[in-house]
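Peer 1: Mind looking over this structure? Questions follow.
The values are calculated or read from the model by the stated rules, or taken from the named source; none is laboratory data. All values derive from a computational prediction rather than experimental measurement. Heads up, the Cβs are rebuilt from the backbone with ideal geometry, glycines too, and the neighbour counts pull from every protein chain shown.
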Amino acid sequence: MVQKLVFLPRLESLRGLAAVSVVGYHASGQFTDTYVTGMAPVVLFFVLSGFVLARSLARNDDIIEFLRHRIFRLFPAAIATVLLLTALHEAFGFYHGFEPDFSPLNVILNALMIKHDINGPMWSMTVECFATPVIILSFLAGRRFGPRSLIPLIAILFGLSFVGPYAHLLGGYANLAPLHAFVLGVALHFSGRGLVEAIGGRQMAAAIVACILFFYCGLQKQTAPIIFLEACSSGLLIALIAFGAPQRGFRFLDQPVIGFYGRISFSFYLLHMIGLSIAVRISSIAGWPMLSILLSTVLGVLLTTPMAWMSWRFIEKPFIAMGKKWRDPRRGAVTTT
């Protein structure tokens with residue numbers, strides 16, 4: 001079953017802003033003793049991923065093709081990043097965070113996103129891989145029984161997010177507490193338009209409230225209720241951008257530079273700790289933590305950007321194209337979805 005759905009560039013730009021903001025969050029942790037971890041942008045990534053992947057399945061519900069495209073989309077850039085960090089450690093002793101195990105087996109496990117100790121931010125990719133069957137089943141359930149059928153699953157996953165052994169089931173830095181965010185994103189694919197229509201002429205006010213709530217939660221300790229509120233506020237913003245009337249408040253997302261960071265956002269997220277680690281060494285000013293954070297954030301973004309662009313241009317794009325051109329033997333033709 002194939003359904004025509006248009007590309008939404010503002011959502012790509014939103015993802016780019018979230019990726020860049022992670023640099024600021026992580027820079028703060030380098031100079032201050034804070035419980036602010038940068039979870040909020042990751043929760044937004046998860047809601048957006050559920051929404052976008054549901055749209056992808058709506059366009060083409062062939063699960064085999066979907067999984068193949070996900071492999072070609074996620075793994076090449078992730079593998080390249082792990083190999084780059086391994087090479088930097090071998091050549092210069094470079095690493096970020098706690099020194100990880102660079103044995104061949106652990107490098108392979110990191111490259112496959114089963115572990116993430118070599119590149120800590122890749123914990124979110126470990127969770128995303130774990131969430132893939134949840135996203136598929138949520139989409140199938142939503143299409144068959146309607147979006148309300150997903151409410152019990154969201155409620156169950158939210159309840160489990162209070163349980164420590166569940167939240168840390170995948171080990172390392174991985175946190176399953178935001179798993180419900182993916183299902184919420186899938187639900188928005190089916191019900192987002194109705195939600196926005198119910199808001200009516202108060203869409204800009206709703207967007208402002210969602211932004212305030214999101215930023216407030218992003219500065220709090222990441223408890224289960226806070227993560228849930230981040231998912232809800234992210235979902236409202238995504239629905240308003242995807243289905244709402246054109247709003248002046250969202251026009252900044254049309255800026256070419258923001259769109260650029262949206263395109264390279266995946267590689268940027270994977271590589272940003274390399275750029276930030278170098279920036280912290282250069283920008284640290286004793287006795288001036290806030291200035292050090294600001295300088296490190298700006299320099300970290302500048303150093304990461306060319307690396308991310310090269311990864312996007314020479315790794316992401318070719319492998320995505322390869323996945324789309326894969327010949328499906330059941331059809332005897334080249335797939336184009």
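Peer 1: Could you identify the single residue in Phe139, Phe130 that is out of contact with any strand residue (DSSP E or B) (no Cβ under 7 Å at 6 or more places or on another chain), under 19 Å from Leu170 (Cβ atoms) and of a type in the set (Phe, Trp, Tyr)?
Peer 2: Of Phe139, Phe130, the one residue that is out of contact with any strand residue (DSSP E or B) (no Cβ under 7 Å at 6 or more places or on another chain), under 19 Å from Leu170 (Cβ atoms) and of a type in the set (Phe, Trp, Tyr) is Phe130.
Peer 1: Yes or no: Ser292 in contact with a helix residue (DSSP H, G or I) (Cβ under 9 Å, 6 or more places away or on another chain), of a type in the set (Ser, Thr, Tyr), closer than 30 Å to Glu65 by Cβ and buried (at least 16 other Cβ atoms within 10 Å of the Cβ)?
Peer 2: Spelling it out, it is not the case that Ser292 is in contact with a helix residue (DSSP H, G or I) (Cβ under 9 Å, 6 or more places away or on another chain), of a type in the set (Ser, Thr, Tyr), closer than 30 Å to Glu65 by Cβ and buried (at least 16 other Cβ atoms within 10 Å of the Cβ).
Peer 1: Of the residues that sit in the range 24-50 and are of a type in the set (Val, Ile, Thr) and assigned to a helix (DSSP H, G or I), which one is surrounded by the fewest Cβ atoms within 10 Å (Cβ to Cβ)?
Peer 2: Among residues in the range 24-50 that are of a type in the set (Val, Ile, Thr) and assigned to a helix (DSSP H, G or I), the one surrounded by the fewest Cβ atoms within 10 Å (Cβ to Cβ) is Val42.
Peer 1: What pairs come up if the first residue lies in the range 155-167 and is touching a residue at least 24 places away in the same chain (Cβ under 8 Å) and of a type in the set (A, V, I, L, M, F, W, C), the second is assigned to a helix (DSSP H, G or I) and surrounded by fewer than 18 Cβ atoms within 10 Å (Cβ to Cβ), and their beta carbons are under 6 Å apart, counting only those six or more places apart or on different chains?
Peer 2: Final answer for the pair search is Phe162/Ala224.
Peer 1: Go through the range 102-186 and tell me which helices (runs of 4 or more DSSP H), entirely inside it, have 1 or more residues that are touching a Phe, Trp or Tyr at 6+ places or on another chain (Cβ under 9 Å) and over 29 Å from Asp62 (Cα atoms).
Peer 2: Qualifying helices (runs of 4 or more DSSP H): 151-160.
Peer 1: Let me ask something additional. Assess whether Ile226 counts as being in contact with a helix residue (DSSP H, G or I) (Cβ under 6 Å, 6 or more places away or on another chain), surrounded by 12 or more Cβ atoms within 10 Å (Cβ to Cβ), part of a helix (DSSP H, G or I) and free of Cβ contacts under 8 Å to residues at least 12 places away in the same chain.
Peer 2: For Ile226, the condition - in contact with a helix residue (DSSP H, G or I) (Cβ under 6 Å, 6 or more places away or on another chain), surrounded by 12 or more Cβ atoms within 10 Å (Cβ to Cβ), part of a helix (DSSP H, G or I) and free of Cβ contacts under 8 Å to residues at least 12 places away in the same chain - is met.
Peer 1: So, one more: Assuming Leu240 fulfils every condition listed in (1) within 24 Å of Leu48 (Cβ to Cβ); (2) touching a residue at least 60 places away in the same chain (Cβ under 8 Å) apart from one, which condition is it?
Peer 2: So the condition that Leu240 fails would be (2).
Peer 1: I'm told Ile212 meets every condition in (1) at pLDDT below 90; (2) in a helix (DSSP H, G or I); (3) of a type outside the set (Asp, Glu) except one. Can you identify the failing condition by its number?
Peer 2: (1)
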